[in-house]
1. Work out the charge dipole of the chain with +1 on the Cβ of Lys and Arg and -1 on the Cβ of Asp and Glu about the Cα centre, then indicate which of Gly217, Ile39, Val69 is farthest towards its positive end.
2. For the range 121-261, what is the charge dipole size about the Cα centre, in debye to the nearest 20, if Lys and Arg each add +1 at the Cβ and Asp and Glu each add -1 at the Cβ?
3. In percent, how large is the relative contact order of the range 3-272, given Cα pairs closer than 8 Å and 6 or more residues apart?
4. With only Lys, Arg, Asp and Glu charged, each at its Cβ (+1 for the first two, -1 for the last two), find how big the charge dipole of the chain is about the Cα centre; round to the nearest 20 debye.
5. Please give me, ordered by residue number, the trypsin sites (Lys or Arg not before Pro) of the range 211-280 that lie in loop per DSSP and have at most 13 other Cβ atoms within 10 Å.
6. For the range 1-43, what D do you get in µm² per second when you plug the Kirkwood radius from alpha-carbon pairs into Stokes-Einstein at 25 °C and 0.890 mPa s?
7. Charges only on Cβ, +1 for Lys and Arg, -1 for Asp and Glu: so what's the dipole of the range 1-144 about the Cα centre, in debye to the nearest 20?
8. So, in Å, what gap is there between the alpha-carbon centers of the range 46-86 and the range 177-221?
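No lab work stands behind these numbers, since they all come straight from the coordinates. Here the structure is a predicted model, which is why all the values come from computation and not from measurement. Glycine gets a Cβ as well: all are built from the backbone with ideal geometry, and neighbour counts include every protein chain shown.
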Amino acid sequence: MNKQQLFKNIKKKQSFLCVGLDTDIKKIPQHLLSEEDPIFAFNKAIIDATADYCVAYKPNLAFYESLGVKGMLSFEKTVAYLRENYPDQFIIADAKRGDIGNTSEMYARSFFDHIKVDAVTVAPYMGEDSVKPFLIYPEAWVILLALTSNKGSHDFQLTEDAAGERLFEKVLKKSQDWATDEQMMYVVGATQGKMFLDIRKHAPNHFLLVPGVGAQGGSLAEVAQYGMNDQCGLLVNSSRAIIYADKTENFANVAREAALAVQREMAGYLHDKGIIPCKA
Ligand SMILES: O=c1ccn([C@@H]2O[C@H](COP(=O)(O)O)[C@@H](O)[C@H]2O)c(=O)[nH]1
């Protein structure tokens with residue numbers, strides 16, 4: 001999916017919500033454990049319940065890999081289910097990959113040739129040759145870690161060189177030699193508040209994948225205020241606060257309500273920015 005199609009979907013759905021499929025066998029409702037593939041059954045129910053209110057899904061690979069081969073099958077089935085039934089949803093494999101060139105090439109093949117997601121998250125710290133193999137797929141996206149949502153983002157990403165340039169700024173600047181905003185996005189944590197202003201100085205037109213609202217306490221209002229651009233430019237992820245909003249047999253309906261609440265708030269910010277027309 002290209003940038004224009006993504007923006008069109010955001011306007012149509014009045015939402016820039018990405019639902020995170022961080023599916024943990026220990027957290028899903030008990031009654032699903034008798035299913036042949038409980039993880040897929042959970043994901044399918046969550047997707048069917050929330051698809052009206054979001055434009056993207058982000059399965060995090062750690063949750064699937066932790067279950068071995070079975071988990072990877074659930075992941076692949078989830079992506080195939082989305083592709084077949086919700087082709088307008090943008091699919092992000094949150095895998096935080098990146099290695100020497102020939103190894104990155106294998107990661108890229110796995111996500112873009114084999115599983116066929118729209119985007120993969122990549123760590124930038126091994127540099128150009130570790131990122132470039134993901135960029136040979138013209139329709140696929142790289143989402144580079146820039147300024148993450150966790151406390152540890154201070155350890156490296158916010159450190160300054162002698163000229164006062166912070167590491168995340170170097171990442172934003174340098175990586176723009178590798179790809180345009182039609183193929184690269186950046187991860188910026190919702191917990192970073194006003195730092196979105198600094199991000200936008202270096203990347204005014206890029207889409208940002210923003211995790212950290214909901215369970216991590218980041219403010220959607222601040223993200224919209226400081227991070228939104230004329231084409232929205234935001235995909236805000238929420239995982240636990242939506243998918244585990246309820247643990248009973250009614251979990252999917254409650255997840256739908258949680259997604260709807262976020263979508264309504266997002267519609268307000270899109271109106272305020274003039275991206276979607278005000279209600280009559
Ligand atoms: O900076 C980052 C980068 C990635 N993540 C991932 O996003 C989700 C957040 O889940 P919540 O339950 O909504 O907190 C999860 O998959 C993280 O690994 C992040 O949180 N921060």
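1. Gly217
2. 280 debye
3. Answer for the range 3-272 is 21 percent.
4. That gives the chain a dipole magnitude of about 520 debye.
5. Passing sites in the range 211-280 are Lys247, Lys279.
6. 192 µm²/s
7. Roughly 420 debye for the range 1-144.
8. 23 Å
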